[in-house]
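The values are calculated or read from the model by the stated rules, or taken from the named source; none is laboratory data. Since we're looking at a predicted model, the values are computed, not measured. Every residue, glycine among them, receives a Cβ derived from its backbone with ideal geometry; neighbour counts consider all protein chains shown. Just so you know, the surface numbers come from the protein's heavy atoms only, side chains and all, with ligands and any DNA or RNA stripped out. Shrake-Rupley method; radii C 1.70, N 1.55, O 1.52, S 1.80 Å.
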Amino acid sequence: MEQSTLTDEQLIRQASVRGFEAFQDLVERFQDRVFAVGRRITGNLQDAEDVTQQTFLSLIEHLDGFRGESSAATWILRIATNHALKILRKRRGLPLAGQMAADADDSYSSLPHPEFIAHWQETPEALVERAEVGEQIESALELLDEKYRLVFLLRDVQELSVRETAEALGLTEANVKVRLLRARLMLREHLTRVFGDESTRVFPSHDHG
Amino acid sequence: MTCEELLKALNEYVDGALDLSEAECQRFAEHLAGCNPCQIVVDNIRGTIELFRNGKPFPLPAEFKTRLNQTLRQRWAEKFGRSA
């Protein structure tokens with residue numbers, strides 16, 4: 001069977017039967033996404049390489065551990081996320097939880113208010129097809145403090161639940177929710193300044209309840 | 001509902017979370033129907049999430065790709081006693 005027609009899950013099962021060649025196909029299919037997880041979480045290319053290597057080495061060790069309870073993509077990207085978080089903890093020499101503890105910004109008071117409000121010039125579907133957009137969204141992400149970036153990545157990009165995100169980062173669910181809201185608002189502001197259509201700009205109205 | 005209240009409940013609305021009661025959803029929808037700026041903000045936030053979720057990942061550096069392949073091939077051979 002053509003490798004390209006296999007589902008991700010079939011490819012994992014094939015690898016344990018058919019050997020390294022099938023495993024290579026799996027690596028080929030996921031390496032860019034795994035690398036992106038590493039890069040986005042650690043903010044560093046060297047660390048992203050380590051995350052990628054460790055993730056696929058773990059897969060070799062645990063190929064039989066895939067139970068099909070989640071999709072193969074979810075499973076693999078979670079392994080990558082765990083490796084990336086481990087690198088962050090090690091870099092600090094402290095548990096991430098201690099560094100990530102709640103602070104004054106973890107409340108709903110003084111939320112960042114939307115300022116540049118406009119429709120985007122193109123739909124998200126059209127934007128993702130553009131070569132330059134990849135770097136533009138990565139730069140927006142790099143502007144976020146780590147405490148917001150991590151919550152956004154785990155919850156919105158990796159699609160972990162609020163509870164799973166809280167557990168992975170050693171936060172309360174309430175902290176996750178407010179950090180996610182701040183992260184979304186900050187990214188929206190930045191991306192709308194980049195992709196917004198100035199001619200459709202509107203201003204926040206304060207005259208109605 | 002005010003724009004400020006909407007801002008605070010934005011996540012729950014965008015995620016369609018269950019902790020938003022039917023009455024709250026209704027108030028949310030009513031506010032949105034009469035408030036163009038809030039409509040656009042909700043739309044922008046959905047777009048933001050979609051871009052990050054579906055964006056093309058930054059490709060692996062070619063030199064690393066080769067190195068990765070060698071490392072994995074070696075580990076595979078050690079574990080399973082044979083290479084490709």
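Condition first: more than 10 Å from chain B (Cβ to nearest Cβ) and at pLDDT 85 or above. Can you find one or more residues in the range A:92-112 that meet it? Looking through the range A:92-112, none of the residues is more than 10 Å from chain B (Cβ to nearest Cβ) and at pLDDT 85 or above. Run A:Q121 past the list (1) at the interface with chain B (Cβ under 10 Å from one of its Cβ atoms); (2) within 25 Å of A:F203 (Cα to Cα) and report the number of the one that doesn't hold. For A:Q121, the exception is condition (1). Counting only residues that are assigned to a helix (DSSP H, G or I) and open to solvent by less than 10 Å² (accessible area, probe 1.4 Å), which one in the range A:6-26 is nearest to the other protein chains (Cβ to nearest Cβ)? The residue in question is A:F20. The helices (runs of 4 or more DSSP H) found wholly in the range A:61-180 and carrying at least 3 residues that are of a type in the set (A, V, I, L, M) and open to solvent by less than 50 Å² (accessible area, probe 1.4 Å) occupy A:72-92, A:124-128, A:131-142, A:162-169. All conditions in (1) at the interface with chain A (Cβ under 7 Å from one of its Cβ atoms); (2) within 30 Å of A:V17 (Cα to Cα); (3) at pLDDT below 95 hold for B:K56, with the sole exception of (2).
Just one of the numbered conditions (1) open to solvent by 10 Å² or more (accessible area, probe 1.4 Å); (2) of a type outside the set (F, W, Y); (3) facing chain A (nearest Cβ under 7 Å) is not true of B:I40: (1). Out of A:R193, A:R188, which single residue is part of a helix (DSSP H, G or I), more than 9 Å from chain B (Cβ to nearest Cβ) and modelled with pLDDT of 95 or more? The conditions single out A:R193.
Inspection of the range A:50-62 finds no residue satisfying the criterion of being aromatic (F, W, Y) and within 16 Å of A:L154 (Cα to Cα).
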